[in-house]
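Undergrad: Sharing a structure, written as structure tokens. Questions coming.
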Amino acid sequence: MEVAARWGLTARGVLYLLIGVLALRIAFGDRGQQADRGGALEELAKQPFGSPLVWAVGAGLACMALWRLSEAVFGAAGPDGGKARKRLAGAARAVFYGVVAYSVLSFAAGEKGSGSSDRQSQDVTARLLDLPYGRWLVGLGGAAVAVAGVWIAVRAIRHTFVKHLKVSAMSPRIRRAVEALGVCGGVARGAVFAVAGGFAVSAAVRYDPDKAKGIDDTLRSFTRTAAGPWLLVAVAVGLALFGVFSFAMARWRKV
């Protein structure tokens, strides 16, 4: 499980780093590549040994799902790792990373999916809105994602992640650097989740699936604020830093 956890954290880091780089390109005028998981995988596939790299990322995310599942079954590391809320969080993360791993492995196997994350989000929202109480389902789901985003950002600001690190194995300089990465990266990641959740709530309120947005369009929406493209620059850099933070977690996290 320790190998699986560290492999999974590394794979997560690769995706976030690439999404951050793609979002940064968009901020500076490149409107071509999608700044989401699909765009990151396409970018990775174009590199030397791209196909094996995509398979490695997919396998790493599958390992991440297994590690989180083991936390749900056996408890997480730490004195309170066996508590019910920790086990439930582990189960939720296992499901999330299982879905992500499936999509990455499907891409590696040649299945390019149904388009961008934006189109997928709108299609899923449209199907849900057609169900009985569909607006409530979409609204509650969006609210849950938005709350999760705020929770991620707050935990980053409070340096909650430090308790999961092998601090004794780090020099003071490295620890300060990792803490800075965790705060900046966590706030950016939380902001993206919160805004995406808000768009889903808007889709439910207006009964309009086109109001739902995936990661790519959520990131592009930052350019339409008063801060213009500079807000997207800040978020993009934060996502890339979260990727680097994930690499640090792969090295020093307690498992």
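The values are calculated or read from the model by the stated rules, or taken from the named source; none is laboratory data. From a predicted model like this one, the values you see are computed outputs, not experimental measurements. Positions of Cβ are generated from backbone atoms using ideal geometry, with glycine treated the same way; all protein chains shown enter the neighbour counts.
Undergrad: Which of (1) surrounded by 21 or more Cβ atoms within 10 Å (Cβ to Cβ); (2) among the hydrophobic types (A, V, I, L, M, F, W, C); (3) modelled with pLDDT under 95 does LEU239 not meet, given it meets every other one?
TA: LEU239 satisfies all of (1) surrounded by 21 or more Cβ atoms within 10 Å (Cβ to Cβ); (2) among the hydrophobic types (A, V, I, L, M, F, W, C); (3) modelled with pLDDT under 95 except (3).
Undergrad: Related question: Could you go through segment 168-181 and let me know if any residue there is in contact (Cβ under 8 Å) with a residue 60 or more places away in the chain, over 30 Å from GLY78 (Cβ atoms), out of contact with any Gly (no Cβ under 7 Å at 6 or more places or on another chain) and surrounded by fewer than 20 Cβ atoms within 10 Å (Cβ to Cβ).
TA: no
Undergrad: Out of GLY81, GLY20, GLY38, I need the residue that is small (Gly, Ala, Ser), closer than 27 Å to ARG224 by Cα and out of contact with any helix residue (DSSP H, G or I) (no Cβ under 6 Å at 6 or more places or on another chain). Which one? Quick ask: steps written out before the conclusion?
TA: Details: GLY81 fails: closer than 27 Å to ARG224 by Cα; GLY20 fails: out of contact with any helix residue (DSSP H, G or I) (no Cβ under 6 Å at 6 or more places or on another chain).
Exactly one of GLY81, GLY20, GLY38 is small (Gly, Ala, Ser), closer than 27 Å to ARG224 by Cα and out of contact with any helix residue (DSSP H, G or I) (no Cβ under 6 Å at 6 or more places or on another chain), namely GLY38.
Undergrad: Filtering segment 55-108 down to residues that are β-branched (Val, Ile, Thr) and without any contact (Cβ under 8 Å) to a residue 40 or more places away in the chain, which residue is surrounded by the most Cβ atoms within 10 Å (Cβ to Cβ)?
TA: Within segment 55-108, the subset β-branched (Val, Ile, Thr) is 57, 73, 95, 99-100, 104.
Among the residues that remain, those that are also without any contact (Cβ under 8 Å) to a residue 40 or more places away in the chain are: 73, 95, 99.
Details: VAL73: 11, VAL95: 14, VAL99: 12.
The qualifying residue surrounded by the most Cβ atoms within 10 Å (Cβ to Cβ) is VAL95.
Undergrad: Within segment 221-236, can you find the residues that are in a helix (DSSP H, G or I) and closer than 18 Å to GLY190 by Cβ?
TA: Those that are in a helix (DSSP H, G or I) and closer than 18 Å to GLY190 by Cβ: SER221, PHE222, LEU231, LEU232, VAL233, ALA234, VAL235, ALA236.
Undergrad: In the set ALA212, ALA180, ALA227, which member is more than 16 Å from the chain's Cα centre (by Cα) and within 17 Å of ALA143 (Cβ to Cβ)?
TA: Among ALA212, ALA180, ALA227, only ALA212 is more than 16 Å from the chain's Cα centre (by Cα) and within 17 Å of ALA143 (Cβ to Cβ).
Undergrad: May I ask you to verify whether GLY29 is under 20 Å from PRO229 (Cβ atoms) and surrounded by fewer than 23 Cβ atoms within 10 Å (Cβ to Cβ)?
TA: When the stated conditions are applied, GLY29 passes them.
Undergrad: Of all residues being among the β-branched types (Val, Ile, Thr) and touching a residue at least 40 places away in the same chain (Cβ under 8 Å) in segment 187-218, which is surrounded by the fewest Cβ atoms within 10 Å (Cβ to Cβ)? Just the residue, please.
TA: VAL205
Undergrad: Looking at the structure I just gave you, is ARG155 under 20 Å from the mean Cα position of the chain (by Cα), more than 23 Å from GLY60 (Cα to Cα), surrounded by fewer than 20 Cβ atoms within 10 Å (Cβ to Cβ) and basic (Lys, Arg)?
TA: Yes; evaluated as a whole, the condition is true for this residue.
Undergrad: Mind checking whether some residue in segment 1-22 is buried (at least 18 other Cβ atoms within 10 Å of the Cβ), within 17 Å of the chain's Cα centre (by Cα), outside any helix (DSSP H, G or I) and not aromatic (Phe, Trp, Tyr)?
TA: no
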